[in-house]
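For reference, the structure is listed below as structure tokens.
The values are calculated or read from the model by the stated rules, or taken from the named source; none is laboratory data. All values derive from a computational prediction rather than experimental measurement. Here Cβ is always computed from backbone atoms with ideal geometry, including for glycine, and neighbour counts include all displayed protein chains. Accessible surface areas use protein heavy atoms only, side chains included; no ligands, DNA or RNA. Shrake-Rupley method; radii C 1.70, N 1.55, O 1.52, S 1.80 Å.
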Amino acid sequence: MSGPNAEPHVPAGDDGDGDSDSFGEEEYAAINSMLDQINSCLDHLEEKNDYLHACLKELLESNRQTRLEFQQQSEQQNMEADVQGLQPPK
């Protein structure tokens with residue numbers, strides 16, 4: 001199956017004379033299995049990326065809303081201070 005580094009175990013076989021196929025069914029199955037694992041990992045990473053992207057968009061929108069609220073409060077306080085500044089002291 002797999003070696004210590006998830007590398008396929010390739011038994012020594014063909015001595016290079018070209019009489020037999022250098023990759024047998026077991027080697028192809030091992031490569032297919034590794035490709036399936038890679039594909040699964042990439043799918044998982046894509047899901048995480050999509051989730052993080054959605055979270056960041058939500059956070060960005062929340063920050064925009066909070067900033068607008070602060071700006072409105074600040075403008076309202078400035079207007080109130082201006083109105084109070086125009087009134088004669090009591």
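Hey, among Ala54, Ala30, which residue is touching a Ser or Thr at 6+ places or on another chain (Cβ under 8 Å), open to solvent by less than 90 Å² (accessible area, probe 1.4 Å) and in a helix (DSSP H, G or I)? I'd like the intermediate steps shown before the answer.
Details: Ala54 fails: touching a Ser or Thr at 6+ places or on another chain (Cβ under 8 Å).
From the options Ala54, Ala30, the qualifying one is Ala30.
Condition first: modelled with pLDDT under 95 and assigned to a helix (DSSP H, G or I). Can you find one or more residues in the range 4-25 that meet it? Yes: the range 4-25 contains one or more residues that are modelled with pLDDT under 95 and assigned to a helix (DSSP H, G or I).
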